[in-house]
Each structure stands twice: as C-alpha cells, then as structure tokens.
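S.K.: First, the structure itself, so that you have it in front of you.
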Amino acid sequence: MGKWNWGAALLLWIWGIFHRKYGYSLLFFILTSIPIINIIAVIIGFILFGKKGNEWAWTSKTWDSIDHCRGTQEKWTLWGFLITIVGILILLYVR
C-alpha cells in the first residue's frame, strides 16, 4: 500500500482524526491556522499525509481485508477532490 493517498493529502487533519493520528492532526490544524507559516505547513502536511496515508490507514484500524482498506481510502480520495473543487469554486465566486 505504498501508493500516494490523495484523501489524506487533501483532507489533512480531518482525515487524520478519523484515522487516529490525533497528534499530527492537532499539529497541522494549529500550524495551518498561523498566517505566517500556513502555506509551508500545508505543503509539508500534504506531502507527509500523502506519502504515509495508506500505511497509517492500514495500521489505524482493523480492516476486513486490504481491499476494504483500499476501498475506504478511494472514498476519502473522492471526497477530498470534491471538497477541494467546491472550495476553489467558492473562492473564485467570492472574488
């Protein structure tokens, strides 16, 4: 399961809470809330969660099978892209 996890990368701390990565979630929630460093924190979190997401997901819960875990992560990916696209559209509309 060493592939990139888009759901974890795009939904960062929300994904982390649901996968019991409370320390990372809290850290990146706080860091992304600080205006001076938020862009850097988002980039680091994006890379870290994207690379480690599948491994963390697999070890965070008891899954019926690896396919069950993968299927769930695919749903997180879909939601991550949908929320990101809606967020971008809202930002474009507001401007």
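S.K.: Applying the selection to segment 40-95, what residues are among the basic types (Lys, Arg) and within 16 Å of the chain's Cα centre (by Cα)?
M.R.: Passing the criteria: LYS51, LYS52, ARG70, LYS75.
S.K.: To continue, here is another question. Look through segment 1-45, keep the residues that are among the polar types (S, T, N, Q) and without any contact (Cβ under 8 Å) to a residue 12 or more places away in the chain, and return whichever of them is surrounded by the fewest Cβ atoms within 10 Å (Cβ to Cβ).
M.R.: The selected residue is SER33.
S.K.: Test each condition in (1) at positive phi; (2) assigned to a helix (DSSP H, G or I) for ARG20 and report the one that comes out false.
M.R.: Tallying (1) at positive phi; (2) assigned to a helix (DSSP H, G or I), ARG20 fails exactly one: (2).
S.K.: Another question, if that's okay. Please go through (1) without any contact (Cβ under 8 Å) to a residue 12 or more places away in the chain; (2) within 19 Å of ILE17 (Cβ to Cβ); (3) not acidic (Asp, Glu) for LYS75 and return the number of the only condition it doesn't satisfy.
M.R.: It is condition (1) that LYS75 fails.
Values in this text are rule-based calculations from the coordinates and carry no lab data. These numbers come from a predicted model, not from an experiment. Note that each Cβ is placed from the backbone with ideal geometry, even for glycine, and that neighbours are counted across all protein chains shown.
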